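Enquirer: For reference, the structure I am asking about is given below.
The values are calculated or read from the model by the stated rules, or taken from the named source; none is laboratory data. These figures come from a predicted structure and were not determined experimentally. Glycine also receives a Cβ, built like all others from the backbone with ideal geometry; neighbour counts cover every protein chain displayed. The protein model used for the area step is the full one, side chains on, heavy atoms only, and it has no ligands, DNA or RNA in it. Shrake-Rupley method; radii C 1.70, N 1.55, O 1.52, S 1.80 Å.
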Amino acid sequence: MTLTKADCEVRTVLEEWATATRQGRIDQVLNNHAANLVIFDVLPPMKYESAESYRSSWDEWQPQTEGEAVFDLENLTITAGDDVAFAHCFIRCGGTLPDGRTFQDLVRATFCLRKVNGSWVVEHQHVSKPYENS
């Protein structure tokens, strides 16, 4: 399958988001997200109605890791038109905590993007994990 220019541009936006997250560059994580986006997240409160509300919660749930964290987009699939796009993938996340313990998780993610003034912007992001009934 041949990737279009729009597919490549959307991939770049999402990879930049993942890299900023992986490296803990919190001031750059939402560079390509709309100010009024809606994020459905795997952790409470589960819904954020702006980039600022999501950003302000970052320290509450983002674990401190020694060195670079694991935050890899797996099986990223993109469908992009002229001015809207959607993508989905799995995100493998984890790292080493300051006490030496390691953690790893796998979540699924969906992104809806819109081209605004020539640039792709994430308008909606949904990260989830199946509920394990025990």
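Enquirer: Scan the strands (runs of 3 or more DSSP E) fully inside the stretch 50-128 and keep the ones with 1 or more residues being closer than 15 Å to Arg25 by Cα and either open to solvent by 50 Å² or more (accessible area, probe 1.4 Å) or touching a Pro at 6+ places or on another chain (Cβ under 7 Å) (or both). Show your work before the answer.
Expert: Working: elements: 70-80, 84-96, 102-116, 119-128.
Per the criteria, 70-80.
Enquirer: Kindly indicate which of Glu123, Glu52 is among the acidic types (Asp, Glu) and in contact (Cβ under 8 Å) with a residue 40 or more places away in the chain. I'd like the intermediate steps shown before the answer.
Expert: Values: Glu52 fails: in contact (Cβ under 8 Å) with a residue 40 or more places away in the chain.
None of the other options fit; the residue is Glu123.
Table: residues versus (1) more than 17 Å from Asp41 (Cβ to Cβ); (2) more than 11 Å from the chain's Cα centre (by Cα); (3) not aliphatic (A, V, I, L, M).
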{"position": "Phe86", "(1), (2), (3)": "yes, yes, yes"}
{"position": "Ile91", "(1), (2), (3)": "no, no, no"}
{"position": "Asp99", "(1), (2), (3)": "yes, yes, yes"}
{"position": "Arg108", "(1), (2), (3)": "no, no, yes"}
{"position": "Trp120", "(1), (2), (3)": "yes, yes, yes"}
{"position": "Lys129", "(1), (2), (3)": "no, yes, yes"}
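Enquirer: Cβ-Cβ distance below 6 Å, separation of 6 or more or different chains: which pairs start in the stretch 79-100 with a residue that is more than 14 Å from His124 (Cβ to Cβ) and of a type in the set (Asp, Glu) and end on one that is assigned to a strand (DSSP E or B) and at pLDDT 95 or above?
Expert: If the second residue must be assigned to a strand (DSSP E or B) and at pLDDT 95 or above, the pairs left are Asp83/Lys115.
Enquirer: Still on this structure: Open to solvent by less than 40 Å² (accessible area, probe 1.4 Å), touching a strand residue (DSSP E or B) at 6+ places or on another chain (Cβ under 9 Å) and under 17 Å from Lys129 (Cα atoms) - does that describe any residue in the stretch 27-43?
Expert: Checked the stretch 27-43: at least one residue is open to solvent by less than 40 Å² (accessible area, probe 1.4 Å), touching a strand residue (DSSP E or B) at 6+ places or on another chain (Cβ under 9 Å) and under 17 Å from Lys129 (Cα atoms).
Enquirer: A follow-up question, please. I'm trying to understand the selection: among the residues of the stretch 5-43, which are assigned to a strand (DSSP E or B), within 29 Å of Phe103 (Cβ to Cβ) and of a type in the set (A, V, I, L, M, F, W, C)? Please lay out each step first, then the result.
Expert: Pass one, the stretch 5-43, residues assigned to a strand (DSSP E or B): 33-40.
Now restrict to residues that are within 29 Å of Phe103 (Cβ to Cβ): 33, 37-40.
Hits for the stretch 5-43 are Leu37, Val38, Ile39, Phe40.
Enquirer: Let me ask you something else. Do any residues in the stretch 102-116 that are touching a residue at least 40 places away in the same chain (Cβ under 8 Å) have Cβ atoms under 6 Å from those of residues that are in a strand (DSSP E or B) and not β-branched (Val, Ile, Thr), where the two are at least six apart or on different chains, and which pairs are they?
Expert: From the stretch 102-116, the pairs are Phe103/Gly94; Phe111/Ala87; Phe111/Gln125; Leu113/Ala85; Leu113/Trp120; Arg114/Glu123.
Enquirer: Among the numbered conditions (1) surrounded by fewer than 18 Cβ atoms within 10 Å (Cβ to Cβ); (2) outside any strand (DSSP E or B); (3) in contact (Cβ under 8 Å) with a residue 40 or more places away in the chain, tell me where Thr2 comes up short.
Expert: Looking at each condition in turn, Thr2 falls short on (3).
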